[in-house]
Amino acid sequence: MGIQFYFIIGAILLVFLLSGIKIIRPTHRGLIERLGKYYKFANPGFHWIIPVIDKIYRVNITEQMVDAQPQEIITNDNLNASVDAQVYFKVNSDEDSVKNSQYNVNNYQWQIVNLARTTLRNIIGTLTLKSANSERGKINAELHRTLCDETRTWGIDIVRTELKQIDPPRDVQETMNKVVKAENEKIAAIDYATAAETSADGTKRSKIKEAEGYKQSKILHAEGEAEAIRLVNEAADKYFVGNAQLMKKLEALEISLKDNAKIVIPEGSDLVNIIGDMAGVLPIDRKTKKAE
């Protein structure tokens, strides 16, 4: 009976000791409370608390994201736009920041979501739908600044905000799509006309170049013919004008041969010189020569 009692007491004590063992991961920090009061800060690693008396609260210090959830916002031009955003934040890892995230705000994630929704309504309500879509960067910056100011005592850091969508009503969206389509078709038509004009201009320049080439070839051809004629004329003046008498002598020789005349060429005489002297020699009659 005594052994069993000690065994039970030992088992209870072992369970008591084991239940007090707590492990904190590197991604978390811990707050240990004793009898409802803050007692100690728990860094990553092994910790032992007194069961029932102590209680540990783990806080995630990694970057987290909450969705502000889509909501209908009336823009400055009286259009109902569907707006959605995401907020990225993290709890700072120092002891004061972890304590503030648990003791200065009740459920900081839910608070961030509602604060982001309210801020978006205030910002986009002053803008037209067109300006809201074109100024997303400005909206993100203002939303981020407002959240940082409002959560300064919460021990958290607003890393960034992302505006996911600003969707207009369906009928407005269809009209906008038609406008965009018409604008794109207009740009495409202008680009096509510009390309056609460029092509026509290129063809025109090509034809002009071709005509200029043809003109230049004709000019060069005409200049060549003129040069040839000039050379022929110079040759004629040089070789034919001064030899007119020789031409006459040749004509006389031809007439003499027609009258059946004979020409006696002395031995050793040059035929060309004799022909050249024909203008001063009378043809010899055949009958006269026989009589002699």
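The values are calculated or read from the model by the stated rules, or taken from the named source; none is laboratory data. Because the structure is a prediction, the values reported are computed rather than measured. All Cβ positions, glycine included, derive from the backbone under ideal geometry; neighbour counts span all protein chains shown.
Quick notes
- Output for the range 148-168, where each listed residue is within 12 Å of Leu115 (Cβ to Cβ) and buried (at least 20 other Cβ atoms within 10 Å of the Cβ): Thr151, Trp154, Ile156, Ile158, Thr161
- Glu72 passes every criterion in (1) surrounded by 14 or more Cβ atoms within 10 Å (Cβ to Cβ); (2) within 29 Å of Asn133 (Cα to Cα); (3) among the charged types (D, E, K, R); (4) modelled with pLDDT under 95 apart from (1).
- A single entry from Glu63, Glu95 fulfils the requirement of being over 41 Å from the mean Cα position of the chain (by Cα) and either surrounded by 15 or more Cβ atoms within 10 Å (Cβ to Cβ) or within 30 Å of Ile21 (Cβ to Cβ) (or both): Glu95.
- Any chance Glu142 is surrounded by 14 or more Cβ atoms within 10 Å (Cβ to Cβ) and not in a helix (DSSP H, G or I): no
- With respect to being modelled with pLDDT of 90 or more, more than 30 Å from Gln165 (Cα to Cα), outside the structural domain of Glu150 (by TED's automatic domain parsing) and surrounded by 12 or more Cβ atoms within 10 Å (Cβ to Cβ), Ile21 falls outside the description.
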